[in-house]
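Written below as C-alpha cells is the structure these notes are about.
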Amino acid sequence: MVLRRWMGVLVMACGVALAGCGDDDDAGATDAAAGDGGALGDAGLDARVNMVDAGPGLTWVVPTHDYGNIAQGGMTGFGWMLRNDGPVTTGAITVALAGPDATEFNFPNMNCAGMTLAPGAMCFQPVRFGPQLGRSPGMRMAFLDASASPGGTARATATGTALAPPILAWVPNAASFGQQALASSSSPMTFTLTNQSSTVTVTALTFVTVGNIAEFPEDVVANQCVGNQSLAPGASCVMRRHFTPTSLGQHLAGVQCNGTTPSGTVTVALSLSGEGI
C-alpha cells in the first residue's frame, strides 16, 4: 500500500512538471503532496483498479424482440442470448421477467440462472409469449432482466400482440391414424368443437367434408356435432371418427365447420390422415 501511494504521488508530480521529477528543488513539493494527499493517492488508485475490474459486464446480444401476432390461448418462443462483455468472470446469474405484462411471458426453463460466464462467454435463455384468455386483445410488453456480481445488470425488452382467440376451435384440430390394414378399422378418435367466446352464440352450424372422407366413417356418440345446431358461449359438441381404408396408400380428408355470429361467418377446419396397407 505504501509503495503504491508513493507511485501515485510520483505519477501526479510528473504530470505537473515532468522535467522536474528528479530535481531536488521539487522534492519538497513532492513530500508535501505525499503528506497532504496520501489518502487521495490511495483512493484514486483503488478507484481506477475497481473501474477496470468491473468492466461493462452482462449484455443481451439482441436487446429487443417482437414476438408478432399471437392469438390468445396460443404460444410462441424465442431464444435470447446473454453475453459477458466484461474482463472478469461473472458471479452467479439471476434472470427474471418484469413489466406490465410479465405474466404473459414465461421461462420454459432457466438455462442462464445460476451460471457464471467467463469473459466473452454466452448462455441461451428461452422465453415464451403466451397471451392469456380473458384479457383485451392488444400490445403486450415485458422486460427480461439479468444480473450478477460481478457482472452488473442487463435489460432486454420483449413485445408481442395478443389477438382475439378464434371463436370456434377443434381439439385436436388434426389427427393421423397411422397405418391400417385394408378392410379393418382403427380405434376411434374423438374431436371436440368448442365455442371459445364468452359472449357470442354461434348458430346454424354446417359441416362440409372434403377429400377421402369415406375412409374416415363417423360414429354416433352422445352430444354429437350435427348440422344447424347452435353453440352457446363456452359450449361444445363432439365428433368421433375412425379410419377404415379401402385402398392402399395415403388418405387425406377434412371436416370444415361454418357457423354464424352477429358479426359474420366463422370457420374452423379439422384435418384427418391415414395410410392403408
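From Arg155, Arg128, Arg140, grab the single residue that is surrounded by 22 or more Cβ atoms within 10 Å (Cβ to Cβ) and within 18 Å of the chain's Cα centre (by Cα).
Exactly one residue qualifies, and that residue is Arg140.
Out of the residues in the range 114-125 meeting the condition of being in contact with a Ser or Thr (Cβ under 6 Å, 6 or more places away or on another chain) and of a type in the set (A, V, I, L, M), tell me which one is surrounded by the most Cβ atoms within 10 Å (Cβ to Cβ).
Checked the range 114-125; the qualifying residue surrounded by the most Cβ atoms within 10 Å (Cβ to Cβ) is Leu117.
Does Leu133 meet the test of being in contact (Cβ under 8 Å) with a residue 60 or more places away in the chain and among the aliphatic types (A, V, I, L, M)?
yes
Residues that are charged (D, E, K, R) and at pLDDT 95 or above, at least 2 per element: which strands (runs of 3 or more DSSP E) completely within the range 87-176 meet that?
Ranges flagged: 138-148.
Yes or no, residue by residue, for (1) touching a residue at least 40 places away in the same chain (Cβ under 8 Å); (2) more than 35 Å from the chain's Cα centre (by Cα):
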| residue | (1), (2) |
| --- | --- |
| Glu218 | no, yes |
| Pro233 | no, no |
| His242 | yes, yes |
| Thr246 | yes, yes |
| Pro262 | yes, yes |
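The values are calculated or read from the model by the stated rules, or taken from the named source; none is laboratory data. For clarity, every value in this text was computed on a predicted model and none was experimentally measured. Cβ coordinates were reconstructed from backbone atoms using ideal geometry, including for glycine residues, and neighbour counts include every protein chain displayed.
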